[in-house]
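Student: Here's a structure for you.
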Amino acid sequence: MASPINLSIKATFLPSVSSMTSVAMRSAGSILSSSSSSTTITAFSNHNRCNNNHQSHQIRNFARPGRRPSPNKRRGRPTNLGNSTNGNNGILTNNPPPKQSKKNVLVIGSQGELGKTLVSHFGNQMNWNVIGADVLDPSEDIVEKKGMKEYIPLPLDGSVADLSVALYRGVSNYLSPSNSSNNIKKSATLDAIVCASGGWMGDVDKFEFQHAMEDNELLEDIDPEEEYIRESSEVCEHMMNVNYYPIVAGGMIGQRFLNGGGLDNGGNLNNGLFVIIGASAALSPTPGMMGYGAAKAASHHYLQSYGPSASEENGSTSVGILPLMLDTPANRAMLGGDGNDDDRYSKMVKPIHIANEIGEWIKNPHLRPHSGSLVKVMAKNRMDGSGGAAFHLVR
């Protein structure tokens with residue numbers, strides 16, 4: 001049986017994800033306080049929020065059908081009078097573009113900073129129906145001001161099966177025709193699932209660990225080798241719990257509820273989208289954080305395997321976004337220095353850039369990379385705070 005999931009643990013700081021809420025983690029037979037020198041693991045909700053007013057100039061470097069400008073557009077002449085060829089076999093018309101249908105989007109890890117940015121962008125900016133899911137109850141502002149229509153509480157300590165079942169029941173209840181809290185039709189499905197959860201913990205340093213135990217007289221009766229093995233194993237277990245299992249649960253929900261394709265009420269292509277947040281670091285070996293790297297690499301493998309099969313089964317698209325480092329308060333604190341003059345901050349990806357890109361993929365399926373893709377995102381920021389992000393197809 002899978003070990004219980006603890007989605008809120010205190011440990012070390014994450015380069016590409018940020019902290020949610022945490023509890024102290026046992027080390028060397030004692031409890032480390034949150035103010036100790038140990039670093040911090042984030043849990044189910046990660047990623048810190050960015051300023052939504054930031055300008056986002058996204059650069060997409062993967063091939064996309066239909067992106068090349070037409071000859072008329074390159075010469076400065078309008079391609080059509082109504083900006084629409086949808087439903088007309090490419091024939092130019094004076095008709096207005098088809099109305100976009102209201103999307104249903106599930107955000108797993110909605111209480112993290114990236115999750116909150118996604119909820120705000122999809123709910124407020126796009127006016128879509130957003131279902132949040134997390135181990136923490138949502139704050140009033142995210143429900144009343146940021147567009148969350150429904151919230152699914154997830155078990156803090158539970159197996160991956162418990163997590164999957166909780167999501168299944170929550171989504172089923174929301175999409176049920178008997179649910180009077182929404183205006184969804186009986187045949188409603190999810191248009192997108194975004195798994196914005198994750199966490200980081202470094203490997204246990206054997207020398208420092210044993211040295212700390214030797215200096216603590218209260219731990220004289222504990223075998224340092226045994227305790228080191230226990231702590232190191234727990235790191236790997238926790239990393240799977242917070243980085244891999246939520247993605248497995250999201251994939252299970254996608255098989256059942258993601259839109260299978262076809263046209264929506266506005267005549268637009270409408271196949272479902274499943275997005276996970278991976279890590280660029282896990283594209284190569286990760287000495288010093290093997291548990292984290294293994295969990296993220298497992299997430300990448302799952303996405304690459306799930307994507308093609310899901311595409312064949314129901315026409316949905318699955319993509320992994322791999323940030324180098326997110327621009328969050330926790331990451332800035334880790335880097336130190338003066339954020340106004342430090343060039344390192346220009347390399348941090350702002351969460352709103354990720355939210356914007358995912359939003360474009362949801363609206364325009366033809367802009368997505370192929371199902372099963374891993375897309376690395378890097379910042380293209382300037383010292384004055386302007387700029388954007390570049391999205392590179394890596395696998």
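The values are calculated or read from the model by the stated rules, or taken from the named source; none is laboratory data. These numbers come from a predicted model, not from an experiment. Using ideal geometry, Cβ is built from the backbone for each residue, glycine included, and neighbour counts are taken over all protein chains shown. Heads up: the accessible areas ignore ligands, DNA and RNA and are worked out on the full protein's heavy atoms, side chains in. Shrake-Rupley method; radii C 1.70, N 1.55, O 1.52, S 1.80 Å.
Student: Could you give each residue of region 229-244 its phi-based ³J(HN,Hα) in whole Hz, using Karplus coefficients 6.51, -1.76, 1.60 with θ = phi - 60°, and x for Gly or Pro?
Tutor: Whole-Hz 3J(HN,Hα) from phi for region 229-244: 4, 4, 5, 5, 5, 5, 4, 4, 5, 5, 5, 5, 4, 9, 9, 9.
Student: Shifting gears a bit: Residue-wise, which Karplus ³J(HN,Hα) couplings in Hz belong to region 166-176, taking 6.51 cos²θ - 1.76 cosθ + 1.60, θ = phi - 60°, and x for glycine or proline?
Tutor: 4, 5, 4, 5, x, 5, 4, 5, 5, 7, 5
Student: Residue-wise, which Karplus ³J(HN,Hα) couplings in Hz belong to region 128-138, taking 6.51 cos²θ - 1.76 cosθ + 1.60, θ = phi - 60°, and x for glycine or proline?
Tutor: With coefficients 6.51, -1.76 and 1.60, one gets 9, 7, 10, 9, x, 8, 6, 7, 10, 5, x Hz.
Student: Quick check: net charge around Tyr292, other residues with Cβ under 14 Å of its Cβ, Lys/Arg +1 and Asp/Glu -1? Don't jump to the answer; show the numbers that get you there.
Tutor: Working: positive: Lys296; negative: Asp203, Glu234, Glu237.
Surrounding charge for Tyr292 is -2.
Student: Mind listing the long-range amide H neighbours of Asn381? Cut-off is under 5 Å, sequence gap 5 or more, other chains count too, H placed in the peptide plane at 1.01 Å from N.
Tutor: Excluding prolines and chain starts, which carry no amide H, the hits are Gly388.
Student: Provide Glu357, Glu208 ordered by accessible surface of protein heavy atoms (probe 1.4 Å), highest first.
Tutor: Heavy-atom accessible area, descending, gives Glu208, Glu357.
Student: Related question: Amide H neighbours of Thr317 under 5 Å, counting only residues 5+ apart in sequence or on other chains, H built in-plane at 1.01 Å?
Tutor: Amide H neighbours of Thr317: Gly272, Leu273, Phe274.
Student: Measure off 7 Å from each Cα along the Cα-to-Cβ vector at Glu208 and His392, then give the distance between these two points in nanometres to one decimal.
Tutor: My value for the distance between the label points is 3.1 nm.
Student: Something else now. Give me, ordered by chain and number, the residues 5 or more places off Gly278 or on other chains with an amide H under 5 Å from its own placed amide H.
Tutor: Residues meeting the amide H criterion: Ile321, Leu322.
Student: Follow-up question, since we're still on this one. What does the accessible area of Thr317 come to, in Å² to the nearest 10, when a probe of 1.4 Å is used?
Tutor: The accessible area of Thr317 comes to roughly 20 Å².
Student: What pairs from Lys102/Lys296; Lys102/Lys363; Lys347/Lys376; Lys149/Lys363; Lys296/Lys380 go past 22 Å between their alpha carbons?
Tutor: Lys102/Lys296; Lys296/Lys380
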